[in-house]
Amino acid sequence: MSLRAIRIALIASLIAGCGGSPPRNDEPTTAKEKQRREAAAERDTDSGGKWGGWRYQGDRNECFYVVGRRCFKNENAACQAAHCKSPKKCDIVGGGPATVGCK
């Protein structure tokens, strides 16, 4: 066998071996797709875009107290919106904005 034929056979075998197997159809091909699939598996997905669709309701520029999803400027308005029953009192936890509930 000539030297040229040996080289061609060697190159052909290298090309055939380097291809590897293509990715399986059920595997994600990008990191973003992988994150999306993981989030779907955990049921954390929301099609709302960057922040997931959740937004404060009310004046977000002056949001100091939050009851559920609603923003309030002062503590009194937030406590009234919490609708605490008579034996329970208004409870404020955290800050920036503070979460208001009943204790």
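Of the residues making up the stretch 60-103, those that are hydroxyl-bearing (S, T, Y) and in contact (Cβ under 8 Å) with a residue 12 or more places away in the chain are Y65, T99.
Of all residues in the stretch 50-63, one or more are hydrophobic (A, V, I, L, M, F, W, C), modelled with pLDDT of 80 or more and outside any helix (DSSP H, G or I).
The values are calculated or read from the model by the stated rules, or taken from the named source; none is laboratory data. A quick note: this is a predicted structure, and the numbers were derived from the prediction, not measured. Cβ coordinates were reconstructed from backbone atoms using ideal geometry, including for glycine residues, and neighbour counts include every protein chain displayed.
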